[in-house]
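Notes follow the structure.
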Amino acid sequence: MREIGISFSLPVDLGNLFWNRKSVWNVYTDDHIGTYKGIARVNYFSTPADTLNKPSWPYSWDNNPLGSNDFHSTNCNIYNASIIDSKDSGVDVISDGNKHLHCYIDTHKNEIIMIVSNYYFGGYERSIQGWYVDMPERILKEGHKLEGSIHLKIK
């Protein structure tokens, strides 16, 4: 199991994501999807990148059906995050650095899915887990009880 949390369906016009988190390293380029503090738009362009030519924009801005790379990547260990529209209305997530946030576009329902997780075991970057990141794998067995809480603010 890769993550355990709660998901919310949100209007697709909440297309701006802001976050502040505890990161693995303390130095990142401004456009790196792993940065500790960032802003991501659901999409930067109306079409996906041309796969045959080098784009003039950073990898984090590439679009796919889930949204831009920096929008739909998981932000681990957040202190706070906001997903808002152009009028600053939306949802704030407040954490102590132990929650994880993942947003993406559900193309079948034309909405944004926001997942706030108490548990996240990473994607495909497993080479850093155990070496640089303390993300122990959790094995769930029958009868295990999972508990958690989240703090949201609607604005």
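The values are calculated or read from the model by the stated rules, or taken from the named source; none is laboratory data. Computed from a predicted model, the values in this text were never measured in an experiment. In this analysis, Cβ positions are derived from the backbone assuming ideal geometry, glycine residues included, and neighbour counts consider all displayed protein chains.
All conditions but one from (1) at pLDDT 90 or above; (2) under 16 Å from residue 38 (Cβ atoms); (3) out of contact with any strand residue (DSSP E or B) (no Cβ under 6 Å at 6 or more places or on another chain) apply to residue 73; the one that does not is (1). Tell me, please, whether a residue that is surrounded by 12 or more Cβ atoms within 10 Å (Cβ to Cβ), in contact (Cβ under 8 Å) with a residue 24 or more places away in the chain, within 26 Å of residue 148 (Cα to Cα) and in contact with a helix residue (DSSP H, G or I) (Cβ under 8 Å, 6 or more places away or on another chain) can be found in the range 47-67. No; the residues of the range 47-67 include none that is surrounded by 12 or more Cβ atoms within 10 Å (Cβ to Cβ), in contact (Cβ under 8 Å) with a residue 24 or more places away in the chain, within 26 Å of residue 148 (Cα to Cα) and in contact with a helix residue (DSSP H, G or I) (Cβ under 8 Å, 6 or more places away or on another chain). Taken together, 30, 96, 88 contain a single residue that is on the phi > 0 side of the Ramachandran plot and either more than 14 Å from the chain's Cα centre (by Cα) or free of Cβ contacts under 8 Å to residues at least 12 places away in the same chain (or both), which is 88.
Of the residues making up the range 129-139, none is in contact with a Ser or Thr (Cβ under 9 Å, 6 or more places away or on another chain), in a loop (DSSP other than H, G, I, E, B), among the small types (Gly, Ala, Ser) and at pLDDT below 90.
Report whether or not residue 21 is surrounded by fewer than 16 Cβ atoms within 10 Å (Cβ to Cβ) and over 22 Å from residue 86 (Cα atoms). Here the answer is no, as residue 21 does not meet what is asked.
Each row is one residue, and each column tells you yes or no for (1) in contact with a Gly (Cβ under 9 Å, 6 or more places away or on another chain); (2) within 27 Å of residue 11 (Cα to Cα); (3) modelled with pLDDT under 90.
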| residue | (1), (2), (3) |
| --- | --- |
| 86 | yes, yes, no |
| 90 | no, yes, no |
| 96 | no, yes, no |
| 102 | yes, yes, no |
| 108 | no, yes, no |
| 149 | no, yes, yes |
